[in-house]
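Comments concern the structure below.
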Amino acid sequence: MALAACGGGRSASETREQANITITQTVQASSPAGEAVTFTVVVLNSAQVASKAFTLAWALSGAETGDPTVTCTTASSAVCPTTLAATSTIDSLPAQRQLIFKYTVTIPAATRGAVVATAVATNPDEADSSDNSASATTTAVSADTATYQVYAADGRGYEMVVDFDAGSYTMTGTGVTDSRTFTLDADSGNYLVGSGSERLRTADGIVVGSHAFNGTLTPYIAARSFLTSTTGAAGNYNLMFRRVASDGSGATTHPATARVSGNTLQICENDNEVLYATSCGSGYLKSYTLTVSDGVFTAVATTAGAPGFVFRIAYAGESKVLLSVGASTLADSRLQWLAGLQDGQASFISGSYQGTGLLSGSTDWVAITLDSDAGTYTVNSTSLTDQGVLSSSATQQPNAFFYTELTTQYVGSPVWVLQNYPLLIVGGAPLVSGSVTNLSGLLQIALP
C-alpha cells in the first residue's frame, strides 16, 4: 500500500502567509553643505500576517557625517524599536502596518555632489527580498547658494539668485535683469564679478556687494533668511538711513535707533546725537504700529498723515538685521535705504573687514580695520584713506554705535560707525560746520 509523503515542505497557502517587508526612502533634492539634512525611510509590512524580528540598517556614502540622529514614529499597533541607531532591530511589524524612520546628519561644509543613503531590511522570514532596500540621493551644494532679497543703496529692492558652486548670479527687479559670473580671489576672500568693478563678499546668510544697476555701480546688502513673525524681533536696533533722489543725486546719511516691543516700533532720528529710543527727545521720536505677513513688517505711523514703511528682519549668522527700501519716511519725494543692526553687548570686535563703499556718487571696494585696544577706525580705498578715534559721548548711546572725526584726508569730518558682527556699517554725519567737508551720503558696508 502506498503511503502519502509528509515532512518539511511548505504548502502554497503557508508560503502566502509570510510577511512582506517593503522599504521606501526620500530626501530633498539638494542640501546646503554644513547644514542638517533628514532622510525619511518608510518600512511597510504589506502582508496579512505579522513579521518576525528583522533588522533595518541605514548607511551613507558620499560624505563623512558620523552616526545619524534617528527618530521613529508609528501608528496603531506597530511598535518602534527600543534602541534607535543606524542599525536597529524591529521585533515585529504587524500586518498592514508601517514605521517611519528619520535619519538626520550634518553634511560637512566642504562636501559637494551626490550624497547617497541606502536602507536595507534583512528579514530571514521572507522569500522575496527584492523590495527590502531603497536608496535616496541629495546633492550637496554651497550653503550660500540660494535666492536673496537685495536692499540697494539707491533705495530700491531687487532679487538675486546665486549659485556659488557655478560662480554665477542673476539680479532682477525694478527694470533690471542682469546675469553675472564671478570667481573667488583666495587672497582677499572677495568674489570678483566679471572683469569690471563689481564685487561681492559673503558671511553666514548674507551677501554684501556692489552691482551696476542700470549702469550705476551701487552698494547693496542681500539676505536669504528672515523672521516670519514678531517673535524674536523685540529689542533695540542701531540704524543708518540713506536718502537719495530718484536719479541718485543729493544723497544724505542719518544715524538713528529703533526699539521693537510687541506690535510697536519707535524710531529716534536725531542728527545731533544717537540715543536709545527710550531716551529720545519728543521732537525726534516717531512711533509706529506693526503688523507682519509672510515675514514683511508693515509700520503704520501713529501720527495721522505721517508716512509709514515696510521692512524685514534678516538673519546674519546669530545676528539680526533690519532692512528696508522704498519711499522716504520724511515725505520728501526721495527714496530711502535703511539698515539696522540689533544692539549687542560688546562695544565692537577688532579685526579687518572688507566691503563696498560709496562717497560722492563714487562706489569702490574698501578695507576697514577696527582696533579695540587703540579705539580706532581706519579705512583704505581708492577714494578714501582716513582714520579716526571712536568715542561714545553719552550714557544713553548704544554700545555698538560710535562717533568719530576723521584725521587724515577729511580732517574733522564726522562719521558714525555701527557694528553687530558680522556686519559693519559706516555713514557720514549729516550736520557739520563750514570748516570741514560734509560727508553726509558716505556709506560703507563691510564683512570680516
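The values are calculated or read from the model by the stated rules, or taken from the named source; none is laboratory data. Here the structure is a predicted model, which means the values were calculated and not measured. No Cβ is skipped: glycine too gets one built from the backbone with ideal geometry, and neighbour counts run over all protein chains shown. Areas reflect the complete protein model, heavy atoms only, side chains present, ligands, DNA and RNA absent. Shrake-Rupley method; radii C 1.70, N 1.55, O 1.52, S 1.80 Å.
Overview of results
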{"item": "Pairs, first under 19 Å from Asp204 (Cβ atoms) and open to solvent by 40 Å² or more (accessible area, probe 1.4 Å) in segment 18-34, second hydroxyl-bearing (Ser, Thr, Tyr) and assigned to a strand (DSSP E or B), C-beta under 6 Å, six or more apart", "result": "Ser30/Thr139"}
{"item": "Residue selected from segment 353-362 under the condition farther than 18 Å from Val150 by Cα, among the hydroxyl-bearing types (Ser, Thr, Tyr) and not in a loop (DSSP other than H, G, I, E, B), by the criterion farthest from the chain's Cα centre (by Cα)", "result": "Ser362"}
{"item": "Elements of type strands (runs of 3 or more DSSP E) contained in segment 285-352, each with 1 or more residues being more than 17 Å from Tyr237 (Cβ to Cβ)", "result": "285-293, 296-301, 319-327, 335-342"}
{"item": "Filtered residues of segment 93-111 (kept if polar (S, T, N, Q) and open to solvent by 50 Å² or more (accessible area, probe 1.4 Å))", "result": "Gln96, Gln98, Thr106"}
{"item": "Qualifying residue in segment 392-400 (condition: under 28 Å from Gly248 (Cα atoms), in a loop (DSSP other than H, G, I, E, B) and open to solvent by 50 Å² or more (accessible area, probe 1.4 Å))", "result": "no"}
{"item": "Every residue from segment 48-81 that is more than 25 Å from Thr137 (Cβ to Cβ) and surrounded by fewer than 19 Cβ atoms within 10 Å (Cβ to Cβ)", "result": "Gln48, Val49, Ala50, Lys52, Ala53, Thr74, Ala75, Ser76, Ser77, Val79, Cys80, Pro81"}
{"item": "Qualifying position, being out of contact with any strand residue (DSSP E or B) (no Cβ under 6 Å at 6 or more places or on another chain), open to solvent by 30 Å² or more (accessible area, probe 1.4 Å), among the polar types (S, T, N, Q) and within 23 Å of Phe402 (Cβ to Cβ), among Ser333, Ser383, Ser372, Ser352", "result": "Ser372"}
{"item": "Residue among Val426, Val411 that alone is among the β-branched types (Val, Ile, Thr) and part of a strand (DSSP E or B)", "result": "Val426"}
{"item": "Scope segment 363-383; condition more than 15 Å from Ser210 (Cβ to Cβ) and not in a strand (DSSP E or B); matching residues", "result": "Ser372, Asp373, Ala374, Gly375"}
{"item": "Filtered residues of segment 269-324 (kept if within 20 Å of Pro255 (Cα to Cα) and aromatic (Phe, Trp, Tyr))", "result": "Tyr276, Tyr284, Tyr288, Phe309, Phe311"}
{"item": "Residue tally, condition part of a loop (DSSP other than H, G, I, E, B) and either modelled with pLDDT under 95 or of a type in the set (Ser, Thr, Tyr) (or both), over segment 109-161", "result": "18"}
{"item": "Members of segment 112-143 found to be within 27 Å of the chain's Cα centre (by Cα) and open to solvent by 20 Å² or more (accessible area, probe 1.4 Å), listed by number", "result": "Arg112, Gly113, Ala114, Val116, Thr137, Thr139, Val141, Ala143"}
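The rows are residues; the columns are (1) open to solvent by 30 Å² or more (accessible area, probe 1.4 Å); (2) without any contact (Cβ under 8 Å) to a residue 24 or more places away in the chain; (3) of a type in the set (Val, Ile, Thr); (4) over 23 Å from Ile368 (Cα atoms).
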site: Arg199; (1), (2), (3), (4): yes, no, no, no
site: Gly205; (1), (2), (3), (4): no, no, no, no
site: His211; (1), (2), (3), (4): no, no, no, no
site: Thr216; (1), (2), (3), (4): yes, no, yes, yes
site: Ala222; (1), (2), (3), (4): no, no, no, no
site: Ala233; (1), (2), (3), (4): no, no, no, yes
site: Asn236; (1), (2), (3), (4): yes, no, no, yes
site: Met240; (1), (2), (3), (4): no, no, no, no
site: Ala251; (1), (2), (3), (4): no, no, no, no
